[in-house]
Amino acid sequence: MKFIIAPDKFKGSLTGLQFCKIATESLLQIHPDADVVSLPLADGGDGTIDILDFHLSGKRIKVKVNDPLFRPIEASYLYMDSIKTAFIEMAAASGLALLKPEEQNCFYTTSLGTGELIKDAIEKGAKTIILGIGGSATNDCGMGMANALGYQFLDENGIELSPIGKNLSKVHAINKDHVIEILKDIDFKVACDVTNPLYGKHGAAFVYGPQKGASKEEIILLDKGLQHISSIFKKQFERDIEQVAGAGAAGGMGAGAIVFLNAALESGITLVKGLIDFDKKIKDADWIITGEGNLDDQTLSGKTIQGVLKSARQNKIPVAVLCGSTSLSKKEINALGISYVDTIMNEAKNLEDAFENTEMYLSKMVKKFAESLRK
């Protein structure tokens, strides 16, 4: 039998690579002659670079950049010289995880560091840049990123503004005179797995502002700022991105990438699957085993498991999902086309036990699944 192991991470407890190692060892204990292929996946969020590095073996480039509060840090990206392609994670330079809880407030944070990574990749010779925008600490509509590439944001007196969310509403004009010349020749692809518009009740500020530390008053101001800069985009760049799906991703970085980088927004999991030739590698498999921390209704909106199920359907391969927990009913699970489901919460005494003993419970679940195939 041939098994494909294709999980995402279990956030906070297990990486996709660890899942693959445990699942492979456990499967081979029950089916010692099985062909087991590890194809860990990611959807463009934090951790995507580790997955691409596993598959594509690029070179890690370390760069000194600004963190979300303009402090110097070292961040890295993945570069493949053979195909002149850089893989950059926004979270590496502008991520929420870089800040202490009391420092988190997207009213005052910047995406400048992400732009500095992009600039370095261009200077290294990158012709294609793939940008993952999950896990950001910002709501600056990509102003910081653009500033690192030469864009200047001016107030009504022509004075340059600091590229933070608070200043979105003060932007009167965007100066493009100092933008690096080669930028227009770079092919940008943005891994984006959310469909939020730029502003409004489903937009960047109202949906993601609270988890990035902004107060209710600040969220209202940020939303007004996003509306305001959207009108500047329309006037100066002739780009109407108000209702573009994904424009609100990463505090408006989706919109910023479209306008400042002429980027295409793509499903993160689709992008990753394409880069690693996933559909080709699974063709003759008997089963695909996948998993993530929580199987819920978010799984249906561009997450890793949805991407796995899509490929499996096209190749008529049954899918087993082993996850931390699930809030889906049996009917919903069947409707997704999942053939087998098990969760760590079925085994664990409580949440604390589940987090402490994730590896043990996953091994037990894999063995149980493997035994079920003997019946």
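Built from the Cα atoms of the stretch 48-266, the convex hull projects on average onto 10.9 nm², one quarter of its surface area. Going through (1) 123; (2) 143; (3) 181, the figure that equals volume of the Cα convex hull per residue in Å³ as computed for the structure here is (2). Here r is the Cβ-Cβ distance between residue 62 and residue 30 and R0 is 41 Å; the resulting FRET efficiency, rounded to 0.05, is 0.45. Protection proxy ranking of 280-286, 265-271, by the mean of other Cβ atoms within 10 Å over each peptide's residues and highest first, is 265-271, 280-286.
Here the relative contact order of the chain, from alpha carbon pairs under 8 Å that lie six or more residues apart, stands at 18 percent.
A Förster distance of 45 Å, applied to the separation of the beta-carbon atoms of residue 235 and residue 313, puts the FRET efficiency at 0.50. Per-residue ellipticity at 222 nm from helix content only, as computed over the chain with -39500 (n - 2.57) for each DSSP H run of at least four residues, stands at -10500 deg cm²/dmol. Cross-linked pairs 176/303; 124/280; 281/349; 64/189; 84/310; 59/127: Cα-Cα separations exceed 26 Å for 176/303; 124/280; 281/349; 84/310.
Counting only the backbone N, which residues of the stretch 1-33 are under 13 Å from the spot 7 Å out from the Cα of residue 355 toward its beta-carbon? From the stretch 1-33, the list is 11-14.
Subtracting the Cα-Cα distance of residue 279 and residue 127 from 0.36 nm times their residue separation leaves 52.2 nm of extension gain. Determine the shape class of the stretch 72-156: with a ≥ b ≥ c the square roots of the Cα gyration tensor eigenvalues, call it rounded for a/c under 1.5, and otherwise prolate if a/b is greater than b/c, oblate otherwise. Oblate, because a/c is 1.5 or more while a/b does not exceed b/c. Neighbour counts of C-beta atoms inside 10 Å place 114, 326 in the sequence 326, 114, starting with the fewest.
Summarised as an ellipsoid, the stretch 1-147 has semi-axes of 33, 19, 10 Å, derived from the eigenvalues of the Cα gyration tensor scaled by 5 and square-rooted, with the largest first.
All of the numbers you see were taken from the coordinates with simple rules; none came from a lab. All values derive from a computational prediction rather than experimental measurement. All Cβ positions, even for glycine, are placed from backbone atoms using ideal geometry, and neighbour counts span all protein chains on display.
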